[in-house]
Amino acid sequence: MGLRSSHKVDAGFNMSSMTDLVFLLLIFFVLLSTLVSPYALPVDLPTSANKTKEKAKVSVRIDAEEHYSVNNQLIEPAQLESVLTSEMAGRPQEEAIVLHVDRSVPTGMTVQVLDICKRNKWRIILATKPE
């Protein structure tokens, strides 16, 4: 009478759930990485210890009362893009616009100026005060 036990213990490890988890994590990080940097604006941030070697030729200033000026001439915010276009016409592409913004100015106004420069492919430098 040959009685055999049908209860065998399988010592193997099932990897199918682990591979599902790895693929879900991979998809998550791929999607997350595409959302991080495409909307960043390239800005040259100078260090405050060094001084600029060359005088700025195009300067945009937004003061604490939110008045805009280009090369020390007051302008309306709606005219900023057209004035900058006329100022940058005929200048070399590598020449940058220097942006002086007061600390109390809302960030949205600074981003509008940065967006105008990005749209027109102008370089922009955000000016800082020395320490």
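For LEU25 and LEU126, the difference between the fully extended length at 0.36 nm per residue and the C-alpha to C-alpha distance is 32.6 nm. Multiplying the residue separation of THR107 and PHE13 by 0.36 nm and removing their Cα-Cα distance gives an extension gain of 28.4 nm. Each Lys and Arg contributes +1 and each Asp and Glu -1, all at the Cβ; summed about the Cα centre of the stretch 57-131, the dipole is approximately 300 debye. Using R0 = 30 Å, the C-beta based FRET efficiency linking SER86 and GLU65 works out to 0.75.
Just so you know, all these numbers are worked out from the coordinates, no wet-lab data involved. Nothing here was measured: the structure is a model prediction, and the numbers come from that model. Please note: Cβ atoms are built from the backbone with ideal geometry, for glycine as well, and neighbour counts cover all protein chains shown.
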